[in-house]
Structures are given as structure tokens and as C-alpha cells.
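Student: Submitted below is the structure of interest, expressed as C-alpha cells.
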Amino acid sequence: MGAASMDKRTIITGIGHYVPPRVVTNFDLEKLMDTSDEWIRQRSGIIERRHVELGVGSSDLAVEAARRAIADSGSRTSDIDLIIAATLSPDHYFPGIGVLVQAKLDLPPIGAIDVRNQCSGFIYALSIGDQYIRTGAYKKILLVAAEVQSTNLNYSDEGRDMAVLFGDGAGALILEPNEHNDGRGILSTHLFADGRHVTDLWMEKPGCLDKPAVTEEMVRTKKFFPRMDGKNVFKNASVKMPEAVRAALQHNGLTVEDVALLIPHQANDRISQMVAHNLKIPLEKVMRNISKYGNTTAASIPIALHEALQEGRIKPGDVVALTSFGSGYTWASALIRW
Ligand code: UT7
């Protein structure tokens with residue numbers, strides 16, 4: 001979905017992120033399960049992650065990130081005309097967190113869309129926001145991506161493959177039309193999915209297939225914890241993210257050399273390195289902050305994007321490539337001229 005030449009491109013006018021203050025190190029996890037700091041670092045690049053205090057929801061993290069993004073854009077909260085919220089870990093089974101963010105920010109009764117595309121949730125949400133801005137339907141969209149993973153991971157030996165990887169956090173953006181038509185903004189988004197791989201990474205239960213949705217059997221068999229075929233996910237992520245970036249570059253008549261910074265979803269540092277290697281992008285041009293936060297699913301790209309900006313790694317005019325892969329499978333890419 002590329003921008004038609006007459007449209008005003010979508011620009012990011014504000015960005016913020018928030019992670020809960022409680023740091024959980026690999027050494028902390030060693031006390032809970034048969035794992036080691038050495039294994040986690042070598043296999044994933046993660047050193048620590050953040051966990052919420054019990055009772056703090058993904059909507060709360062989203063609100064903190066949203067406040068920061070709104071302040072960064074210099075907007076009045078009352079000018080926001082649409083919320084798009086991405087999470088796989090909503091506070092409740094329903095409704096989603098979009099309406100909670102709206103209520104907690106005391107916004108007027110504007111629309112609130114929830115996006116459930118797991119690790120690709122942010123780019124999927126960005127794609128939706130981009131369409132609305134370019135058509136002129138909305139002028140100031142709050143896009144939030146937030147996850148609380150820590151309350152539903154299996155912190156025993158049988159869940160160690162996943163429990164060490166995931167963390168909590170949120171990122172938020174303000175999307176607006178580029179009134180100057182100076183070439184800056186979202187150049188394209190490309191979305192992909194292949195639902196044949198649902199069982200490779202999923203939280204199978206609870207769902208509507210059982211009556212009632214939560215049964216004693218599912219509690220006994222621990223089917224309410226997410227499960228993953230890590231090797232398959234790893235293999236596919238390493239191939240599909242580069243493919244998605246190539247599709248984006250080709251669509252825009254650009255080459256890998258035009259990319260100033262690649263921000264892959266922070267799933268595993270080894271995956272990020274393989275994506276860079278596959279694309280022949282030097283690691284200096286790849287944003288990697290998984291060591292601090294683990295995999296924060298939908299929130300990982302906006303957190304990384306904000307930190308890249310704070311570190312001065314993106315300059316005006318730079319082309320930034322985003323790409324993600326995760327449960328579904330879903331994968332995606334976006335190109336932004338900053
Ligand atoms: O956002 C998208 C979602 N997720 C991902 O992208 C994750 C993709 N997958 C991965 O990142 C990797 O597959 C993992 C980090 C999950 C695992 O790394 P791996 O190099 O594929 O290890 P493995 O699954 O082959 O496991 C090697 C060994 C196994 O023991 P045996 O069978 O060789 O005796 C595991 O049981 O490591 C064991 N293991 C652990 N050991 C210590 C698995 N988890 C742990 C652990 N600590 N936390």
C-alpha cells in the first residue's frame with residue numbers, strides 16, 4: 001500500500017515510550033527455573049527485562065506512553081481524533097484496551113480501534129493509521145502498542161523457553177498529515193500473514209471453543225500459558241523479515257543502501273543479526289535494544305524507534321525500515337522517510 005502521489009503523507013509528530021520500573025535480570029530468573037544468565041545471553045541477547053507490579057495493566061502502560069507521545073507532539077489531548085491500540089495482552093478478554101486508554105486519558109467519545117496482530121501489531125496498526133491520515137478521515141491519531149506479558153508466563157522449567165524471552169512495555173506515536181508535502185513520512189506498509197502456522201506460537205486457551213471458556217482441565221494442563229515452537233519461529237522470522245523489507249524497498253524504488261536505520265522487531269538478537277546479514281545491512285545500521293527489555297511484542301518497535309531517536313541515530317531525511325514477525329504467523333514492514 002504505497003502513498004498515491006496526491007495524498008499527504010503521514011508523519012510521526014510525537015513519540016514516547018514507557019517501561020515499568022521493576023527490572024528482572026537473568027539472575028533473578030535463575031532462581032525460579034533451570035536456566036542461566038549465560039544461556040539466555042547467548043541464545044537471545046537478553047540481559048534483563050521489565051515486569052509490572054500486579055494490578056498494572058497494558059492499558060496503564062499504554063496511557064503512560066501515550067502521555068509522553070502527546071507531550072512530545074505539542075498537541076492538546078482533546079485534539080486527538082482516533083485511537084488505535086495494539087496488544088496481545090489486553091487487561092480483559094473484552095473489551096480491548098483502546099477504550100480503556102480513551103477513558104483513562106479522559107478523551108471525548110472518539111473511535112478506539114483494537115489491533116490484535118501480536119508481534120506485528122504495531123506495523124499493522126501503523127498501516128491502518130496511515131490509511132486514515134492519507135484519506136483525510138482523521139487528522140491526529142494516537143497509536144499505542146502495549147504489553148504485559150509477565151503475568152501469564154510459566155516460570156517453571158517447562159515454560160523456560162518463553163519465560164526468559166518476554167517483557168512488559170509500551171510505545172506510542174502521534175500520526176498527522178504532512179502539510180508541507182516535503183517528501184517526509186510513511187512511504188509504505190506491507191502486511192503478510194500465513195495462518196497455517198497458528199500452533200507454532202499461540203495461547204490456545206481460554207477461547208470460545210469451551211463452555212464455559214475456562215475449564216478445570218485447561219488449568220490442570222496449563223493450556224492457558226502461551227507456547228512456542230521456537231526453532232520454527234526462529235527459522236521463519238529470519239527469512240520473512242528480510243523478504244518484507246525487500247518488498248518495501250522494491251515498491252519504493254529504493255535499495256538496501258538507502259536505508260539509514262533498520263529497526264527489526266526485538267524478538268531475539270540472533271534473529272536481528274540474521275535479518276541484517278540476509279539483507280547485507282551492517283550491524284551499525286540496525287537498532288538492537290533487546291538486552292534491556294526482552295521481547296515486548298507489539299511494543300518493541302515503537303520503544304526501539306523512540307530510543308533510536310533519543311540516541312540521535314535518525315536524522316531528517318533518513319529512510320528508516322521497520323519489520324516484524326510473530327504469532328499467526330504475521331509479518332510486516334514499513335518504510336518511513338524521517
Ligand atoms: O516475537 C516472535 C516470537 N518469538 C521468537 O521470535 C522466538 C524465536 N525462537 C527463539 O528465539 C529461540 O528458538 C529460543 C531462544 C526460544 C531457543 O533457542 P534455540 O537456540 O532454538 O534453543 P533450542 O530450542 O534448540 O533449545 C536448546 C536447549 C534445549 O535443551 P536440549 O533439548 O538441547 O537438552 C532446551 O530445552 O536449550 C534448552 N532451553 C533452555 N535452557 C536454559 C530452552 N529454554 C531454556 C532456558 N534456559 N530458558
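Table: residues versus (1) within 16 Å of the ligand (Cβ to nearest atom); (2) surrounded by fewer than 16 Cβ atoms within 10 Å (Cβ to Cβ); (3) not assigned by TED's automatic domain parsing to the domain that holds Val320.
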{"site": "Asn152", "(1), (2), (3)": "yes, yes, yes"}
{"site": "Lys231", "(1), (2), (3)": "yes, yes, no"}
{"site": "Ala237", "(1), (2), (3)": "yes, no, no"}
{"site": "Gly253", "(1), (2), (3)": "no, yes, no"}
{"site": "Val259", "(1), (2), (3)": "no, no, no"}
{"site": "Ile263", "(1), (2), (3)": "yes, no, no"}
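Student: Looking at Ser156, Ser188 in this structure, which one is touching a residue at least 12 places away in the same chain (Cβ under 8 Å), within 26 Å of Asn289 (Cβ to Cβ) and not β-branched (Val, Ile, Thr)? Steps first, please.
Tutor: On the way: Ser156 fails: within 26 Å of Asn289 (Cβ to Cβ).
Sole residue among the options that is touching a residue at least 12 places away in the same chain (Cβ under 8 Å), within 26 Å of Asn289 (Cβ to Cβ) and not β-branched (Val, Ile, Thr): Ser188.
Student: Then there is this: Condition first: under 22 Å from His306 (Cα atoms), more than 16 Å from the ligand (Cβ to nearest atom) and aliphatic (A, V, I, L, M). Now tell me which residues in the range 126-150 satisfy that.
Tutor: Once the filter is applied, which keeps residues that are under 22 Å from His306 (Cα atoms), more than 16 Å from the ligand (Cβ to nearest atom) and aliphatic (A, V, I, L, M), the range 126-150 yields Leu126, Ile128, Ile133, Ile141, Leu142, Leu143, Val144.
Student: Does the range 122-130 include one or more residues that are among the hydrophobic types (A, V, I, L, M, F, W, C), within 13 Å of the chain's Cα centre (by Cα) and within 30 Å of Phe27 (Cα to Cα)?
Tutor: Taking the range 122-130 and keeping what is among the hydrophobic types (A, V, I, L, M, F, W, C), we get 122-123, 125-126, 128.
Next, only the ones that are within 13 Å of the chain's Cα centre (by Cα) stay: 122-123, 125-126.
With within 30 Å of Phe27 (Cα to Cα) added as a condition, the list becomes none.
No.
Student: Residues that are among the hydroxyl-bearing types (Ser, Thr, Tyr), closer than 20 Å to Thr189 by Cα and in contact with a helix residue (DSSP H, G or I) (Cβ under 9 Å, 6 or more places away or on another chain): does the range 283-293 have at least one?
Tutor: no
Student: Can you tell me which of Asp157, Asp168 is over 30 Å from Glu307 (Cα atoms) and within 16 Å of the ligand (Cβ to nearest atom)? Don't jump to the end; show me each part of the working.
Tutor: Numbers: Asp168 fails: over 30 Å from Glu307 (Cα atoms).
Result: Asp157 is the single residue among Asp157, Asp168 that is over 30 Å from Glu307 (Cα atoms) and within 16 Å of the ligand (Cβ to nearest atom).
Student: Residues that are in contact with a Ser or Thr (Cβ under 9 Å, 6 or more places away or on another chain): find the helices (runs of 4 or more DSSP H) completely inside the range 178-284 holding 1 or more of those. Working first, answer last.
Tutor: Details: elements: 216-220, 230-251, 269-279.
Filter on the range 178-284 gives 230-251, 269-279.
Student: Does any residue of the range 77-86 turn out to be within 16 Å of the ligand (Cβ to nearest atom), without any contact (Cβ under 8 Å) to a residue 40 or more places away in the chain and surrounded by fewer than 20 Cβ atoms within 10 Å (Cβ to Cβ)? Explain how you work it out, then say what you get.
Tutor: Step one: list which residues in the range 77-86 are within 16 Å of the ligand (Cβ to nearest atom), which gives 86.
Narrowing further to those that are without any contact (Cβ under 8 Å) to a residue 40 or more places away in the chain: none.
Taking every residue of the range 77-86 in turn, none turns out to be within 16 Å of the ligand (Cβ to nearest atom), without any contact (Cβ under 8 Å) to a residue 40 or more places away in the chain and surrounded by fewer than 20 Cβ atoms within 10 Å (Cβ to Cβ).
Student: Only one residue in Asp130, Asp72 is assigned to a helix (DSSP H, G or I), out of contact with any Lys or Arg (no Cβ under 9 Å at 6 or more places or on another chain), more than 29 Å from Lys223 (Cα to Cα) and among the charged types (D, E, K, R). Which one?
Tutor: Working: Asp130 fails: out of contact with any Lys or Arg (no Cβ under 9 Å at 6 or more places or on another chain).
Criteria check complete, one pass: Asp72.
Student: Looking at the range 154-177, which of its residues are part of a loop (DSSP other than H, G, I, E, B) and of a type in the set (Phe, Trp, Tyr)? Break it down into steps so the answer makes sense when it comes.
Tutor: Pass one, the range 154-177, residues part of a loop (DSSP other than H, G, I, E, B): 154-156, 164-165, 167-168.
Of everything in the range 154-177, just one residue is part of a loop (DSSP other than H, G, I, E, B) and of a type in the set (Phe, Trp, Tyr), namely Tyr155.
Student: Can you work out which of the residues in the range 318-334 that are more than 18 Å from Glu284 (Cα to Cα) and not in a strand (DSSP E or B) is nearest to the ligand (Cβ to nearest atom)? Spell out how you get there, then give the answer.
Tutor: Going residue by residue through the range 318-334, those that are more than 18 Å from Glu284 (Cα to Cα) are 324-334.
The next check asks that each one be not in a strand (DSSP E or B); those that pass are 327-329.
Working: Ser327: 7, Gly328: 10, Tyr329: 9 Å.
Looking at the filtered set, the residue picked out is Ser327.
A quick yes/no check of all residues on (1) within 30 Å of Arg134 (Cβ to Cβ); (2) modelled with pLDDT of 95 or more; (3) within 22 Å of the chain's Cα centre (by Cα):
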{"residue": "Gly14", "(1), (2), (3)": "yes, yes, yes"}
{"residue": "Leu32", "(1), (2), (3)": "no, yes, no"}
{"residue": "Ile46", "(1), (2), (3)": "no, yes, yes"}
{"residue": "Leu82", "(1), (2), (3)": "yes, yes, yes"}
{"residue": "Val101", "(1), (2), (3)": "yes, yes, yes"}
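The values are calculated or read from the model by the stated rules, or taken from the named source; none is laboratory data. Note that the structure is predicted; figures quoted are calculated from it, not measured. We place every Cβ from the backbone using ideal geometry, glycine too, and count neighbours over all the protein chains shown.
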